[in-house]
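Novice: Okay, handing you the structure first.
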């Protein structure tokens, strides 16, 4: 990883990320990027920016048990799945609706060798019945509210009593950020960038309090929920929930 690439990733992290648990070191970021060294430049750029801005999500993944069964819902290029699989005793499965993204995630060889499959997120609950960790990173907004709750409740039913749910998604406030991200997401959906993971072109947003209530109704105990990316035009949040 060149110094310029690292500096750009750090700038992205400062502007668009949350680093309460500590930013990725250069060595950690390079370990992620090395997995994608033979991928096209746009894939490397996407992975680098996402990894840098989602350092808190990756730190929460590190806190999962070493023998955890982990499901990455909407895994994309799979960098979070590969991060989880740095502990080779974990069983990590990533699903995504985009066959192209799953193909790239599968082609990347990491120590834990996670598995990937093409699935719409509504079928996520059919992957395992005793989950210890669930990742939902920027995927729930593509479901209607009733489908969000159906999925979250089903994942809870298939989780162990010690399971952890890590959610990164989008808030409905402030309004100017919502307008920005809604316009951008509609463009991406119409362009088919997500492999048909969302039906139509609608996206669903909730307020911070509504997300807390939603997660609680679905059987998850919200341990922490904080905003993500204060400087960026994206109104994000990260929530960590316990099953018990």
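The values are calculated or read from the model by the stated rules, or taken from the named source; none is laboratory data. Here the structure is a predicted model, which is why all the values come from computation and not from measurement. Ideal geometry is used to build each Cβ from the backbone, glycine not excepted, and the neighbour counts take in all protein chains shown.
Novice: For the subset of region 211-244 comprising residues that are in a strand (DSSP E or B) and more than 21 Å from residue 162 (Cα to Cα), which member is modelled with the lowest pLDDT? Working first, answer last.
Specialist: We begin by selecting, within region 211-244, every residue in a strand (DSSP E or B); these are 221-228, 236-242.
Keeping just the survivors that are more than 21 Å from residue 162 (Cα to Cα) gives 226-228, 236-237.
Values: 226: 91, 227: 88, 228: 81, 236: 89, 237: 94.
In this case the residue turns out to be 228.
Novice: Report, by residue number, each residue of region 20-55 that is assigned to a loop (DSSP other than H, G, I, E, B) and surrounded by fewer than 15 Cβ atoms within 10 Å (Cβ to Cβ).
Specialist: 20, 21, 22, 25, 37, 38, 40
Novice: Which pairs turn up if I take residues in region 103-129 that are over 22 Å from residue 142 (Cβ atoms) and look for partners that are modelled with pLDDT under 85 and assigned to a helix (DSSP H, G or I) with beta carbon separation below 6 Å, at least 6 apart in sequence or on another chain?
Specialist: none
Novice: Then there is this: Has region 215-223 got any residue that is surrounded by fewer than 17 Cβ atoms within 10 Å (Cβ to Cβ), more than 16 Å from the chain's Cα centre (by Cα) and closer than 16 Å to residue 59 by Cα?
Specialist: Yes; the residues of region 215-223 include at least one that is surrounded by fewer than 17 Cβ atoms within 10 Å (Cβ to Cβ), more than 16 Å from the chain's Cα centre (by Cα) and closer than 16 Å to residue 59 by Cα.
Novice: Does region 123-136 include one or more residues that are modelled with pLDDT under 90, in contact with a helix residue (DSSP H, G or I) (Cβ under 7 Å, 6 or more places away or on another chain), over 19 Å from residue 238 (Cα atoms) and not in a loop (DSSP other than H, G, I, E, B)?
Specialist: Yes, that holds for at least one residue.
Novice: While we're on this one: Test each condition in (1) within 16 Å of residue 84 (Cα to Cα); (2) touching a helix residue (DSSP H, G or I) at 6+ places or on another chain (Cβ under 8 Å) for residue 143 and report the one that comes out false.
Specialist: Of everything listed in (1) within 16 Å of residue 84 (Cα to Cα); (2) touching a helix residue (DSSP H, G or I) at 6+ places or on another chain (Cβ under 8 Å), residue 143 misses just condition (1).
Novice: Determine whether region 151-167 contains at least one residue that is part of a helix (DSSP H, G or I), within 14 Å of residue 139 (Cβ to Cβ) and at pLDDT below 85.
Specialist: No, region 151-167 contains no residue that is part of a helix (DSSP H, G or I), within 14 Å of residue 139 (Cβ to Cβ) and at pLDDT below 85.
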